[in-house]
Each structure stands twice: as structure tokens, then as C-alpha cells.
Amino acid sequence: MHALHRAVGEFRVKILKPNEAFAPIRVPISELSSPKFSNGQRATVATAMMLMLSELRRQSRSTAREASVGTLILDNPLGNANAGFLIEVQRTVAAAAGIQLIYTTGIGDFSALRRFSNVIALSNDAARRTMRRYVRTNPELLELLAPRTHDSGGHLSARRVVAVADRENNAS
């Protein structure tokens, strides 16, 4: 901050505050640590800033404009940012930057999980004798996401959720 101040003189930094109306509300960056921001809004601002900085870095280093940063794996962002509008802000910024987000979470909030077209339910289990940990499918969560029919012979390990509007759009 001191170096920037010496280089350019007086400056102010404002950020966009995530909100349900998606209104462009600009606030001083110092408010990010105030009670005016929820933990979910802070997590969303941090994610959006990281996505945009990654995209700026890619643009400055890549000669091919179609090159992409790739994928960002977020470790439990839904713990704080499970409100629908916060998820949409994160996904909109990621789409604009051409970055694929992968959310990993232990949250059982189905209203948050319904926003994703692909859900893979896993659990971290311990083997009793060796005390090693293994990642396995979580059959209880899979059953809640997509109940099995009695006549099915297969096993579901992931679920693609498609809204009725999406089916109509894809059919045309």
C-alpha cells in the first residue's frame, strides 16, 4: 500500500458488495472486515477477486487468448456462502473468466446443492484396523439426491440434475 501510494499518490479502492438484487453497490474495501458483510459475502468477494486476478495473470502471460486458467477447486465454500445469490455471483464471475469451479463440501443443504447440475456424493471413511482413510461414495446422500427404483439393476454414483426448463431448451 505504501509503495502504491508513493507511486500514484492518493487513491481509494472500492469493491462490489454481493447482494440478492445483483445491484452494483460499490463500497470501500475497508468495509469488507466490518459487520456490514456476512461471512458468505466475504467468501464470495475473496473468490471473485481470486478469479479475476487469475484471469488478469493469464491474459498478461498467455499469447493464446483462448488459453484458460482451468479449474479452481473450492474447499467448503458453501459452509459460509450457501445463499443462492452468493453461489450465482461466484459462478457468474467464474464463467466470465472461463474458469471451471469445483465445490467440495460436507454441507447437507439441499437448496444449495440443487443449484448444481452435477453432484457426486462422497464420504471420508476410516479403516478400523489400519486407521487409513478412504474416500468412498456416500449411499445415504445418493439415496436422498436420487432414490433408487426397485427394478433398477445398476448403482448410482453421481447425479445430473436437469431442470424442466433446461430439457425444453435442449429439445429445441
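The values are calculated or read from the model by the stated rules, or taken from the named source; none is laboratory data. It should be emphasised that the depicted structure is a prediction, and the values quoted were computed from it without experimental measurement. Every residue, glycine among them, receives a Cβ derived from its backbone with ideal geometry; neighbour counts consider all protein chains shown.
The residues of region 64-83 that are more than 15 Å from I102 (Cα to Cα) and at pLDDT below 80, listed by number, are A64, R65, E66, A67, S68, N80.
Selection of first residues in region 1-15 that are surrounded by 10 or more Cβ atoms within 10 Å (Cβ to Cβ) and of second residues that are at pLDDT below 85 and part of a helix (DSSP H, G or I), restricted to Cβ pairs under 9 Å at least 6 apart or on distinct chains, gives an empty result. Entry remark, region 23-50: residues being surrounded by 11 or more Cβ atoms within 10 Å (Cβ to Cβ) and within 20 Å of A95 (Cα to Cα) number 11 in total. Checking G79, G70 one by one, the residue that is surrounded by fewer than 14 Cβ atoms within 10 Å (Cβ to Cβ) and in contact (Cβ under 8 Å) with a residue 24 or more places away in the chain is G70 and no other.
Scanning region 88-130 for residues that are more than 15 Å from the chain's Cα centre (by Cα) and among the small types (G, A, S) turns up G108, A121, S123, A126, A127.
The single condition among (1) over 30 Å from K14 (Cα atoms); (2) more than 11 Å from the chain's Cα centre (by Cα); (3) hydrophobic (A, V, I, L, M, F, W, C) that M50 does not meet is (1). Looking only at region 34-63, filter to residues that are in a helix (DSSP H, G or I), of a type in the set (S, T, Y) and at pLDDT 90 or above; which one of those is nearest to N80 (Cα to Cα)? Here the answer is T44.
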